[in-house]
Every structure is written in structure tokens, then in C-alpha cells.
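The values are calculated or read from the model by the stated rules, or taken from the named source; none is laboratory data. The model shown is predicted, which means the values in this text are computed figures rather than measured ones. Neighbour counts are summed over all protein chains in view; Cβ atoms, including those assigned to glycine, are modelled from backbone coordinates with ideal geometry. The accessibility values were calculated without ligands, DNA or RNA, using every heavy atom of the protein model including side chains. Shrake-Rupley method; radii C 1.70, N 1.55, O 1.52, S 1.80 Å.
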Amino acid sequence: MDQRTRTEKIFERVQSLKLVKLSELSSEFGVSMPTIRKDIDELQKEGRVERVHGNVRLKTTQSDSTRRTFGSNVLPTSPEKALIGRKAASLIENGDSVILDCGATTTELAKNLLDRQNLRIVTNALNIAILLGAEPTNRVMLTGGIFKAETIAVSGEKASTFFEGMFVDKLFLAAGGVSMESGISYPDFIDIHVKRAMIDAAKTVYLLADSQKFGKREFATFGAMDRVDYLVTDEGLSDEFANWITGNGTNIIYA
């Protein structure tokens, strides 16, 4: 794994856990402490994290937060996420009604919808709403809720009740992790009710998850793989997980 890829994955980990020990990152990524410190130094230079007594956390000073923009390039991405986003976008046609979940991969999807028209889009992601709302023929609906800076999105009870009485053609759902033991999982329980409401409001459910998400279990477990019609993922998905997914009745679309 090259340094740029590793530093982005480290940043994703810090985003998820808020505060991480350097020793844990060294063990998780199989590199020495000096290497981890070098990676963290790069992220510090970019103003994204800060080191505190052997730990690393998101940089949340006032000066940093005021410099942040909510454009399409804020969330950490990867070549796999970009491929998945492009493939998922090809499944959306002019005139579709869709729910777009928040996250890096769904943001990649949104970047590939700039030539679409007459879409009815419901999202909890501020950056996606701004990106797709620029097309005057699109109707973009943004949920209410509690703002979460790490995903540039809103969540919580207000966000989940927004979907009551709604029915759309397609949902493009993000995931924090997917495991055989717990199905889909997320970093925070506050997200679970929103994801469930999204699924209930959609005719067809697409889960967007790169192969690195499989075998990973986040804090709040959701299950719900039986509600997923299609998984859009990259070629790195293992045969073991592919067989488990198709065995549960979910079709796989490779980017």
C-alpha cells in the first residue's frame, strides 16, 4: 500500500473513531511507529488532523472549520469509490426519483450525475444537495436533522421522519462496514433510524460499498442485507463474501 492510500485510510479511521492511538494505527496498517508519524505529519500539513499525547484526532479548531468548504472534494475518496460511483450513476436515468445517502462513494455518484435532468433527489448530504441542485430541472429535497461535520450530512430523528409517506424508484445506500455476523454497520447509532427509513421509502435498494468495507464491523450494527437488492462494489471483493451476498438473494454489480 503506497503512502497516499494509507494516509487516506488513516484519515477515514480517524473520522470514524474521532480519536485514535498511534500505536493502534501502527498495528492495524502493519507499519512502524515512525512511518505512522510520517503519515500523520502529512495529514497535519493538510490541516485535517492533529496529534495529541500519542493519539490523533480530527482538527476542529475554529480557524480550521471556517476554512472548510462543503464542495464535492471534501470527503476522502479512492479509485475504487470513484469507479463504484461512476457505475452507480449509470443506473440512474433522466426523470428518476432517488434517495442518495451521504458519504464519499455516494458523492462520487453525484459527481457523475451532472448531465442528468428532471431528477427528483432526496438526500441527507449537504454537499450532494448543493452539487445537484445547480441543475434547474432537478428537484432536490434535503432532510432536516442533526448536522454531522465528518460526513457533511444531517442525521437523527428529524432526518428519519422526513421519509415517512415517501416512495422513490431507487435508493443508493452507503455503509460503514459489512460483516457476515452483523450485516451492514455504521459508526453511530444516530444513523440507524435514517438508513432504515430510507430503505422503507425505496422500491429498489442499491448498496454502494468498496471491497475494503467487507469484514469490517462498525459500532452500530444494522443488519438489513436482506433488504438490499443490488450491491455495487469493486473487483477486489473476495469470493467468500460474494458467495455470502448472492446466497442472501442480493445481486452483485461490479464497477
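Here residue 194 meets each of (1) modelled with pLDDT of 95 or more; (2) under 28 Å from residue 157 (Cα atoms); (3) surrounded by 21 or more Cβ atoms within 10 Å (Cβ to Cβ) with one exception, condition (1).
Here is a yes/no grid of residues against (1) open to solvent by 20 Å² or more (accessible area, probe 1.4 Å); (2) assigned to a strand (DSSP E or B); (3) closer than 18 Å to residue 89 by Cα; (4) touching an Asp or Glu at 6+ places or on another chain (Cβ under 8 Å):
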| position | (1), (2), (3), (4) |
| --- | --- |
| 199 | no, no, no, no |
| 204 | yes, yes, yes, yes |
| 207 | no, yes, yes, no |
| 212 | yes, no, no, yes |
| 216 | yes, no, no, no |
| 221 | yes, yes, no, no |
| 232 | no, yes, yes, no |
| 235 | yes, no, yes, no |
| 242 | no, no, no, no |
